[in-house]
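The values are calculated or read from the model by the stated rules, or taken from the named source; none is laboratory data. Nothing here was measured: the structure is a model prediction, and the numbers come from that model. No Cβ is skipped: glycine too gets one built from the backbone with ideal geometry, and neighbour counts run over all protein chains shown.
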Amino acid sequence: MSISIVIPCLNEAKGIRFFLSRLQTLRSQCELVLVDGGSDDDTVAIAGPYVDRLIASESGRALQMNAGADVAQSDVLLFLHADTFLPDDALEQIHIAIESGYQWGRFDVRLVGNHCLLPLIAGLMNCRSSLTHIVTGDQALFVDKSLFVEVGQYPNIALMEDIALSKTLKAITPPYRIHSRVETSARRWIRFGVIKTVLLMWWCRFQYFLGVEPQYLQQLYRRGQFWIR
């Protein structure tokens, strides 16, 4: 079994070298695929030497992740945000999951930042995901590539693509929970206000489950971010 790590990015020049340098010890064990969504900074030039495949795509997380999946050469896909860091045993744990008969899953998460509520929020995220089998992008979703293709990949929607894919996958087979934690930056939570960001995200998800179109939710999310600045 082989693993491809698919990384969507856009204008990440400031931190992409440090992020990718943390993955270099894994390159002998997996394939690194970076998908740039049209960066107008130095992201592409910096990232090139650190990945096995670097491709361009239209901007949009779902589009970028699908484009990366299309060129990935491995049996299993691991989708990783450019501000999320894997635990040391990440690949080993994915191997255990797949060899145990699971076809997809995710990691627990730890939010990195200086705010007293972040551990509580991360804990609630992990519990919620365990109960609902819904996985968000911060939790580093992994999936058997053949299953990913079978269900039609990520839906091409403006927001909530990870939730939509989780709903499709869990209807077929349950996910595997890896208790080793990925560490993801809490920069957006800190920038917009932790409590207000949580409320905004939950409101958007509630609206999505009520059937509101993702395109409208994306506008709502952006307006909400503007409002809470």
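Answer yes or no as to whether D75 is within 23 Å of D144 (Cα to Cα) and not aliphatic (A, V, I, L, M).
Considered against the rule, which asks whether it is within 23 Å of D144 (Cα to Cα) and not aliphatic (A, V, I, L, M), D75 comes out as yes.
Would you mind telling me which numbered condition in (1) within 20 Å of L147 (Cβ to Cβ); (2) outside any helix (DSSP H, G or I); (3) within 16 Å of the chain's Cα centre (by Cα) G68 fails?
For G68, the exception is condition (2).
Look at L34 and say whether it is aliphatic (A, V, I, L, M), within 26 Å of D75 (Cα to Cα), assigned by TED's automatic domain parsing to the domain that holds L80 and surrounded by fewer than 22 Cβ atoms within 10 Å (Cβ to Cβ).
When the stated conditions are applied, L34 does not pass them.
Residues checked against (1) surrounded by fewer than 20 Cβ atoms within 10 Å (Cβ to Cβ); (2) at pLDDT 95 or above:
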residue: L78; (1), (2): no, yes
residue: Q103; (1), (2): no, yes
residue: D108; (1), (2): no, yes
residue: N114; (1), (2): yes, no
residue: R128; (1), (2): yes, no
residue: V151; (1), (2): yes, yes
residue: D162; (1), (2): no, no
residue: S166; (1), (2): no, yes
residue: A171; (1), (2): yes, yes
